[in-house]
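I have placed the structure first, in the form of structure tokens, so that the comments after it can refer back to it.
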Amino acid sequence: MKRLIIFALAVFAVGATAVAEKKIPHAVRTFNEVSGRRTEIVLPQVKGFNCYKGDFHIHTSYSDGRVNPAGRVVEAWMDGLDIIAITDHYEGRRGEQNFFKVIAPYNANVKYQSAKKANCVKADFNAIHQEAVNQLEKSGFPMLLIKGCEMARNAETHGHFNALFLNDLNDLYDEDLAEAFRKVKAQGGIVVHNHPAWRRKTSDKTEFHEQVYGEGLIDGVEVANGYTFYPHIVRRCIDEKLTMFANTDEHTMTAHRFNQLGLYRTMTIVLAKELTEKAVKDAILKHRTIAYSGGNLIGEESWLVEYLNAAVDCRVTKVDKKNNEHVYMLTNNSSITLRLRRGKTIYELEPFKPILVSIGKDKTDVEATKPVFHVDNMWIVDYNHPKVTLEIDK
Ligand SMILES: [Zn+2]
Ligand SMILES: [Zn+2]
């Protein structure tokens, strides 16, 4: 009762002086936490190399994407990437065309130069890259930006190619696409054959491909683009010593294509000593990459085996000699789930959640001392999975 009286008096007192004394702020933050949280993707060190996460094929609103270069940089950082290349279409630039429509009332003389014509190089491609660089410097993200663009012709006869590691993106256009590739090479750049079966029924080479591959103008191929995997390209990369890439080819936003589905975005894992353009380019030219798409890892068998053993800690926790049983504790110390299989039994090795596996109790399982698994979400040549013996107690 006494409390109630005090409360009533207090309300009366506040009510009487509220208008005169209580200062109500004009603006109040509804939430005080810092924004900009990155999803870190933890990958192992493989044979002394760091695994850098790269996307070498991204579009912006300057060609036919819906996000501007600065937005792409922030998005990539949030997605956990270390390296990106903005690769707007060199020939078809819908965004730029729309911009010309918007400004038309202010200057009737300004006309968009059709991308089909040789004068399509009017855009300053270096300025697009610079916009991304400015954002990177403003934000202070420790990421690497590679200068690049996508060159395209008829999908049936030629297809699409990314030019990367360039100094000057302007004046690369040539009606003869092979000649444009030679200009890229003259700058020390590399050429990647993108989505090789896109709008085609095959990923086999065309006459033009035979010519440019034969001339040594192609350095790498996308074994995966977005969620599309091209199994035949793995063999091509191994036989012809080309580098395997997996990129998003993002035109919209990665959030609704990948993150909201609980997956990391498609990426090229680059095994390099340090995050510099020189080291990353060197790794790419020496084919030290692993492609990631939709929870799958695609690459050369030797690198995938090394990767698996670097990512998985395998310890013996029990030896029952009488029953020939060995129990192993497997821990996946990386962010990418590994799907191991022995016979028909699947072991979903989720990140940082150890599991125990008993081998040898089954009398047909003679080699209990060897933890051998097929890795079903790893893909090597000819659409096969690698068979890996895990290193014990390393
Ligand atoms: Zn393309
Ligand atoms: Zn593209």
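Any read-out appearing in this document is the output of simple, stated calculations on the displayed coordinates, not a laboratory observation. Quantities reported herein were computed from a predicted structural model and do not represent experimental measurements. Positions of Cβ are backbone-derived with ideal geometry, glycine not excepted, and every protein chain shown enters the neighbour counts.
Points to keep in mind about this one:
- Normalised by 2.2 N^0.38 Å, where N counts its residues, the alpha-carbon radius of gyration of region 311-389 equals 1.12.
- Percent of beta bridges antiparallel (DSSP, region 50-299, rounded to nearest 5): 60
- The GluC sites (Glu not before Pro) of region 291-394 that meet both conditions, a loop assignment by DSSP and at most 15 other Cβ atoms within 10 Å of the site Cβ, are 367, 391.
- Set of aspartates and glutamates with alpha-carbon distance to residue 370 below 20 Å, sequence-local pairs under 8 removed: 301, 306, 313, 320, 325, 348, 362, 391, 393
- Within the chain, helix-based [θ] at 222 nm, where runs of 4 or more DSSP H residues each add -39,500 (n - 2.57), nearest 500: -8000 deg cm²/dmol
- Between residue 170 and residue 350, the FRET efficiency estimated from the beta carbon spacing at R0 = 51 angstrom works out to 0.60.
- A simple spin-label model places the labels of residue 104 and residue 319 8.0 nm from each other, with each point 7 Å out along Cα-to-Cβ.
- Close amide H partners of residue 148, meaning residues 5 or more places away or on another chain with modelled amide H under 5 Å apart, are 86.
- In this structure, the pairs whose alpha-carbon distance is over 24 Å, taken from 353/394; 201/344; 147/273, are 201/344.
- Site pair residue 261 and residue 276 shows an inter-label distance of 3.8 nm when each label is modelled 7 Å from Cα along Cα→Cβ.
- Extension reserve of the residue 329-residue 210 stretch, reckoned as 0.36 nm per residue once the Cα distance is removed: 37.9 nm
- Amide hydrogen proximity for residue 57: with H placed 1.01 Å from N in the peptide plane, the residues at 5 or more positions away or on another chain lying under 5 Å are 85, 248, 249.
- Residues residue 153 and residue 201, FRET efficiency given R0 of 22 Å [Cβ-Cβ distance, rounded to 0.05]: 0.75
- Relative to one another, the C-alpha centroids of region 59-101 and region 136-157 are positioned 8 Å apart.
- Reference-scaled alpha-carbon Rg (2.2 N^0.38 Å with N residues) for region 348-394: 1.34
- Cα-based Kirkwood hydrodynamic radius, the chain, one decimal, Å: 24.0
- Ranked by how many other Cβ atoms sit within 10 Å of their own Cβ, fewest first, the residues 293, 139 fall in the order 139, 293.
- Modelled this way, with points 7 Å down the Cα-to-C-beta line, the labels at residue 22 and residue 235 are 7.8 nm from one another.
- In range of the label at residue 182: residues from region 200-239 whose backbone nitrogen is under 13 Å from the point 7 Å along Cα→Cβ: 212, 215-217
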